[in-house]
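See structure below.
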């Protein structure tokens, strides 16, 4: 299945495995991961891939519901979760995916770890603290969970869904992504580059060009993607 073709075409009459849908999910996730794995991640490329996958996934969910393990296999179900995880442009759809994934996990059609990741993603999009610390942000002092509820007990919550301690997760991200790097903006007066550690989401930071003294204020909205592949 490619493009906007029907998601139900190759499903068995008894509701069994849909091999065509599985193959297309895997193809799209391979492209998703390739964009996010480039040495110098180009967010325009990442966002273009996400923008292509979003309407396709919405069409699939509208036609067949949540593509769980019995429909598309474990790898296909994982691919569907990852596409939903990256459907940040449509928070309402992402919330509906979370509701569907919650039911799927209850019946063994999705994993509780996938559910934890999408829960955190949706909560942050809705302006609420995340539960499991799966969504990270990089700053001057390294990687850290964004807006985390009750940090002292997060490892207990993570253990309940099969996730290791936050400290191990941060170490893994640091190994795969390297240490956080400051953003770079261009001075509008002299054209020099300015390295900037961005403020937390919803906050603002005043910056100054060391070369000419130009000043501006930087604010940050919701990041378009985090290093959770």
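Candidates 42, 90: the one that is at pLDDT 95 or above and touching a helix residue (DSSP H, G or I) at 6+ places or on another chain (Cβ under 8 Å) is 90.
Applying the set (1) crowded, with 18+ Cβ neighbours inside 10 Å; (2) more than 19 Å from the chain's Cα centre (by Cα); (3) at pLDDT below 95 to residue 71 leaves exactly one unmet item: (3).
Within the range 125-145, the set of residues being part of a loop (DSSP other than H, G, I, E, B), in contact (Cβ under 8 Å) with a residue 40 or more places away in the chain and in contact with a helix residue (DSSP H, G or I) (Cβ under 6 Å, 6 or more places away or on another chain) comprises 134, 135. Looking across the range 120-143, the residues that are farther than 25 Å from residue 179 by Cα and over 11 Å from the mean Cα position of the chain (by Cα) come down to 123, 126, 127, 128. Taking the criterion of being touching a residue at least 60 places away in the same chain (Cβ under 8 Å) and closer than 19 Å to residue 118 by Cα, the residues of the range 28-66 that qualify are 33, 36, 46, 47, 50.
Yes or no: the range 165-178 includes at least one residue that is closer than 23 Å to residue 40 by Cβ and over 19 Å from the mean Cα position of the chain (by Cα). No, every residue in the range 165-178 fails to be closer than 23 Å to residue 40 by Cβ and over 19 Å from the mean Cα position of the chain (by Cα). Of the candidates 162, 108, the single residue that is assigned to a loop (DSSP other than H, G, I, E, B), free of Cβ contacts under 8 Å to residues at least 60 places away in the same chain and closer than 30 Å to residue 59 by Cβ is 108. Just one residue in the set 146, 121 is touching a strand residue (DSSP E or B) at 6+ places or on another chain (Cβ under 9 Å) and assigned by TED's automatic domain parsing to the domain that holds residue 71; that residue is 121.
The C-beta contact set for the range 70-86 (first residue in the same structural domain as residue 118 (by TED's automatic domain parsing), second residue modelled with pLDDT under 95, distance under 7 angstrom, 6+ apart or interchain) comprises 71/17; 73/17; 86/225. Of everything listed in (1) under 27 Å from residue 52 (Cα atoms); (2) surrounded by fewer than 13 Cβ atoms within 10 Å (Cβ to Cβ), the single unmet condition for residue 186 is (1).
Restricting attention to the range 14-34, the residues that are in a helix (DSSP H, G or I) and surrounded by fewer than 21 Cβ atoms within 10 Å (Cβ to Cβ) total 10.
The values are calculated or read from the model by the stated rules, or taken from the named source; none is laboratory data. Just so we're clear, the structure is a prediction, and the values are computed from it rather than from any experiment. When we count neighbours, we look across all protein chains shown, and the Cβ atoms used for this are built from the backbone with ideal geometry, even at glycine.
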